[in-house]
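Heads up, the thing below is written out as structure tokens.
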Amino acid sequence: MTRTTCLLSAAVALATLLGATEGALAQGMCEQLWVERNSIFKARGYCFKTSRAISYFGNAGCVYDVESMVPLSPGERARVNQIRAMERQYGCR
């Protein structure tokens, strides 16, 4: 292997590692954002629909089946909107 080939292989390996690390960081951030956003809705009585949210938060004491009907304060609504924008930025599902 030539020196150039070795350097190129090392660069590709590093880029792959950085990409994987970046992806893991984004996934961790997505999880944190999801929990924070849904914690706001849970505290205000939202009845979750997805198995993931029901498993994580449960539906005990829920009151509101429609997300838009959940009575959020202006600050909570602003934070939910900010979180959703960040989720889009990170490519969260």
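The values are calculated or read from the model by the stated rules, or taken from the named source; none is laboratory data. What you are looking at is a predicted structure, and each value in this text was computed from that prediction instead of being measured. Cβ sites come from the backbone with ideal geometry, for glycine too, and all protein chains shown count toward neighbours.
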Would you point out which residue out of L72, L33, L18 is at pLDDT below 95 and surrounded by 10 or more Cβ atoms within 10 Å (Cβ to Cβ)?
L18
Let me confirm something: among G28, G61, G45, G91, which residue is on the phi > 0 side of the Ramachandran plot and within 11 Å of the chain's Cα centre (by Cα)?
G91
Residues that are touching a residue at least 24 places away in the same chain (Cβ under 8 Å) and either in a loop (DSSP other than H, G, I, E, B) or not β-branched (V, I, T) (or both), drawn from the range 28-54
M29, C30, L33, W34, E36, R37, F41, R44, G45, Y46
Would you point out the residue of the range 55-93, among those that are assigned to a loop (DSSP other than H, G, I, E, B) and touching a residue at least 24 places away in the same chain (Cβ under 8 Å), that is farthest from G28 (Cα to Cα)?
P71
